[in-house]
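Asker: Here it is, the structure, as structure tokens.
The values are calculated or read from the model by the stated rules, or taken from the named source; none is laboratory data. Computed from a prediction, not measured in an experiment: that's the story for all the values here. Counting neighbours? That spans all protein chains shown, and the Cβs are built from the backbone with ideal geometry, glycine included. For accessibility, only protein heavy atoms count, side chains too; no ligands or nucleic acids. Shrake-Rupley method; radii C 1.70, N 1.55, O 1.52, S 1.80 Å.
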Amino acid sequence: MRPLTEAETRAVFEKLGKYIGENIQLLVERPNGTYCFRLHRDRVYYVSEKLLKGAASIPRGSLVALGTCFGKFTKTQKFRLNVTALDFLTPYAKYKVWVKPGSEQSFLYGNHVLKSGLGRITENTAQYQGVVVYSMADVPLGFGVAAKSTQDCRKVDPMAIVVFHQADVGEYVRSEDTLT
């Protein structure tokens, strides 16, 4: 487990910045201690420094995971967020989308959010902005990218895609063997 290089840190922070903006600082310096990002086998982990010091005695080959897996680097060195980061993104999310109860299941099966399933959307959401998807009962379901801005969503037809699917809590069931 090693610290991220400058290029890797930039890639992770750019991706997180799409969803939480300048609140990344609040993610690293929390009231219950300082947290950091570490790379282990192409996966980025969010770890408290206290836990990191305790894990220093474990050999690298024996270490499976440490902390919370935020995402992984693909073979082309692009960073991809995992659904395991959802619990840390939701308190700091700048842009949110609420889906109607009939569209929750469709989203949880990995489909995009259509205009007909859109309940509410945060004002001034730009196109291709990262959004956190909630149910109408304010339960975080996943995250995605806004396909249309808030203004465009008002005048688009009901079968148009308004949020591109990125990750959802249904992945815990669909991909339980690959999530670490």
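Asker: So, in region 134-161, how many residues would count as being over 18 Å from ASP87 (Cα atoms) and in a loop (DSSP other than H, G, I, E, B)?
Answerer: 9
Asker: If you scan region 78-126, which residues turn out to be surrounded by 15 or more Cβ atoms within 10 Å (Cβ to Cβ), hydrophobic (A, V, I, L, M, F, W, C) and farther than 23 Å from GLU8 by Cα?
Answerer: VAL97, TRP98, VAL99, PHE107, LEU108, VAL113, LEU114, LEU118, ILE121
Asker: Among the numbered conditions (1) at pLDDT 90 or above; (2) in contact with a Leu (Cβ under 9 Å, 6 or more places away or on another chain), tell me where LEU66 comes up short.
Answerer: Unmet condition: (1).
Asker: Shifting gears a bit: Go through (1) in contact with a Gly (Cβ under 9 Å, 6 or more places away or on another chain); (2) touching a residue at least 24 places away in the same chain (Cβ under 8 Å); (3) open to solvent by 50 Å² or more (accessible area, probe 1.4 Å); (4) part of a helix (DSSP H, G or I) and name the single condition PHE164 misses.
Answerer: Result: PHE164 fails condition (4) only.
Asker: Could you look through region 127-144, keep only residues that are in contact with a helix residue (DSSP H, G or I) (Cβ under 8 Å, 6 or more places away or on another chain) and farther than 17 Å from SER103 by Cβ, and pick out the one that is surrounded by the fewest Cβ atoms within 10 Å (Cβ to Cβ)?
Answerer: Top of the filtered list is GLN127.
Asker: Tally the residues that are under 17 Å from LEU86 (Cα atoms), out of contact with any helix residue (DSSP H, G or I) (no Cβ under 6 Å at 6 or more places or on another chain) and not in a loop (DSSP other than H, G, I, E, B), restricting the search to region 99-113.
Answerer: So the count comes out to 3.
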